[in-house]
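Have a look at the structure below, then the notes.
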Amino acid sequence: MEILLPIIIVGSVGLFLGIGLGIASKKLHVNVDSRISEILNALPNANCGACGYPGCSGFAKAVAEGKASASGCIPGGSKSAHAIADILGITASTGEPVMAVVHCKGGIAEAAERALYNGIQDCLAATIIGNGTKECQDGCLGLGTCVRACPFDALKINQNGVAVVDPEKCTGCGKCIKVCPRKIISLIPKVHKIFLACSNHDRGGKVKKYCTVGCTACTLCVKATPSGAISMENNIPVLDYTKEENFIPAANKCPSKCFVDLVKKRPKANIDTKCDGCTLCVPACPIPGAITGETGKRHVIDKDKCIGCGICLNICPQHAISLWGTGSIPKQARMA
Amino acid sequence: MINIASLIGISISAIFINNFVLSRFLGLCPFFGVSKKLSSATGMGMAVIFVMAIASSFTWVINSYILEPFGISYLQTIVFILVIAALVQLVEMALQKYSPTLYEALGIYLPLITTNCAVLGVALINTGLNPLTGQPFTFIESLLNGVMSGIGFMLALILMAGLREKLELSNIPKTLDGLPISFITAGLMALAFLGFAGLNFFSSIGG
């Protein structure tokens, strides 16, 4: 029987404390906290720090207090921004989803080396010693500093010795941009599948000597983009993605094939029977000879020459042209 | 009724002579965990003072009016853990509701020290005899012992944090860098605090 007394006393102390805590948690309930944990659940919880706050919980707290924007989480993108907006009862203004791209594709096969490097396998270390081993002073060193910086495993050094971004995995957090000593990684809107894979500032003839896929500053891409979304700056074309320009003609005109199109196979244009032979599409097409036909008769598109830029779609008054085939349709063609 | 000499003796004893970290070697985990930065060490120290004060007063009441009358003082440890844990939870909730500023200042450290052995240690010491008077601790004495032990903990923590911030900048052999050099530093600090034992309040005032 002696055992009963301690059991009863300790049990009742525990019971008393438990009930007390239960009542207290109801009475002293603070509403602010539940929102923070809900926001935290809506975040990717990768704790990448791209938002500028210490971890996802810090960001969630800042959002709940109104100090940070609901769309501040870059890896979470529009998905978590909308989820947070629902929790807070506001409408989220999400930026376009972005992805990182490496502006170089001159690897072992294309770009010449000028030295043998046996030091620390890190781009920054290699840059400090004589600015890297490549003849090109702006090319990717391929030692993987960006790969190690990526929290999402979205970067890798390909077999050609150049860093490439996996568009599926990239969240646009921008960590690789900060660590790249060459400063050849930048963010582009995900809807634009085309970017310039060269950062070389040298003049044409010089570039040709050490890289077969280097930009020679020929300005053909600038001429192929009448809206002026491409401009030359320090011997390198700069693509202005804010102008929502169609970069497909520019990419196809490049003689050095410096552009990278993430869409492997573009759909081709096709003219149907509504065509009345107005010939308006012929001068609009950036590829000479891709559209042929006599005035007043149905025109034909040469499938081998068509690059699928979709410019003719907007030109045709009869709406007789459409894009056929696999691959995503360029934004402007879709809007037409 | 209040013995002033005893209170002064308790204070100096708790802060210096029987410093929880450097003499009794209790609460070493937060001592090393939170002593990397001076600012967080201060926050942790404040939280420890707060919790120790509350814990020592409540456990004294529980011990004197529940455990001792029923003769089950041997259950002290279990009951004290229960009471301290529940108490800290309650205090945390109350703070969050009524004083968000203090809640923010104490932050994560409040729940962290719920079952800190230093807090339990001060509660258990308070159930024994006061070495200065030879009597059991009174309520005022145990409350003061709690606060002063907390201040002693904070002192050790802040001293350590200051030293570790300096250590970050010094040229330390790679094998000793980080925690090893901190352990050595803490050991040297404990040796230094051993000097306070010479104050010997117990024989001169007590009795």
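A short reminder: the numbers here are calculations on the coordinates, not readings from a lab. Being a predicted model, the structure only gives us computed values, none of them experimental. A quick note on method: Cβ atoms are made from the backbone with ideal geometry, for glycine too, and the neighbour counts reach across all protein chains shown.
Some notes on this structure:
- Relative contact order (%) - criterion: Cα under 8 Å, at least six apart; region: chain A: 11
- Stokes-Einstein translational diffusion, the range A:184-285 - Kirkwood Rh over all Cα pairs, 1.306 mPa s, 10 °C, in µm²/s: 105
- Annotation for the range A:191-255: GluC sites (Glu not before Pro) lying in DSSP loop with at most 10 further Cβ atoms inside 10 Å of their Cβ do not exist.
- Expressed per residue, the C-alpha convex hull volume of the range B:1-100 stands at 159 Å³.
- Footprinting exposure proxy for A:Cys73, A:Cys176 (fewest neighbouring C-beta atoms within 10 Å first): A:Cys176, A:Cys73
- Springs join every pair of Cα atoms under 10 Å in this Gaussian network model of chain A, and among A:Asn200, A:Asn45, A:Asn270 the largest mean-square fluctuation is at A:Asn45.
- In a DSSP loop and with at most 14 other Cβ atoms within 10 Å, the GluC sites (Glu not before Pro) in the range A:47-125 are A:Glu65.
- Computed over neighbours whose Cβ is under 12 Å from that of A:Ala24, the net charge equals +2, Lys and Arg +1, Asp and Glu -1.
- Most fluctuating residue given options A:Val207, A:Val300, A:Val222, as computed from a GNM of chain A linking Cα atoms under 10 Å: A:Val300
- Relative contact order, percent, the range B:113-190 [alpha-carbon distance under 8 Å, six or more residues apart]: 18
- Ordered from longest to shortest, the equivalent ellipsoid semi-axes for the range A:119-197 are 22, 13, 11 Å, each the square root of 5 times a Cα gyration tensor eigenvalue.
- Just so you know, the Cα atoms of the protein assembly as shown work out to an Rg and Dmax of 36.0, 122 Å.
- Viscosity 1.306 mPa s, 10 °C: Kirkwood-radius Stokes-Einstein D of chain B over Cα pairs, µm²/s: 89
- Helix-only mean residue ellipticity at 222 nm for the protein assembly as shown, each DSSP H run of n ≥ 4 adding -39500 (n - 2.57), per residue, nearest 500: -13000 deg cm²/dmol
- Karplus-derived 3J(HN,Hα), 6.51/-1.76/1.60, for each residue of the range B:169-179, Hz, glycine and proline x: 8, 8, 8, 10, x, 4, 5, 9, 5, x, 5
- From phi via Karplus (6.51, -1.76, 1.60), per-residue ³J(HN,Hα) for the range B:69-84 in Hz, x at Gly/Pro: x, 8, x, 10, 5, 5, 8, 2, 4, 5, 5, 5, 4, 4, 5, 5
- A Cβ-based charge dipole, computed about the Cα centre of the protein assembly as shown with Lys and Arg at +1 and Asp and Glu at -1, lands at about 2040 debye.
- GNM result for chain A, Cα springs below 10 Å: residue of A:Cys285, A:Cys211, A:Cys198 fluctuating most strongly: A:Cys285
- Overall form of the range A:1-107 per C-alpha gyration tensor (a/c, 1.5; a/b vs b/c): prolate
- Residue by residue, the range A:314-324 carries 3J(HN,Hα) couplings of 6, 6, 4, x, 8, 6, 8, 9, 9, 9, 10 Hz when phi is fed to the Karplus relation 6.51 cos²θ - 1.76 cosθ + 1.60 (θ = phi - 60°); x denotes Gly or Pro.
- For A:Lys253, a cut-off of 14 angstrom between C-alpha atoms picks up these aspartates and glutamates, skipping any fewer than 8 places away in its own chain: A:Asp261.
- Lysine pairs in chain B whose alpha-carbon atoms fall under 22 angstrom of each other, counting only those eight or more residues apart or on distinct chains, come to 5.
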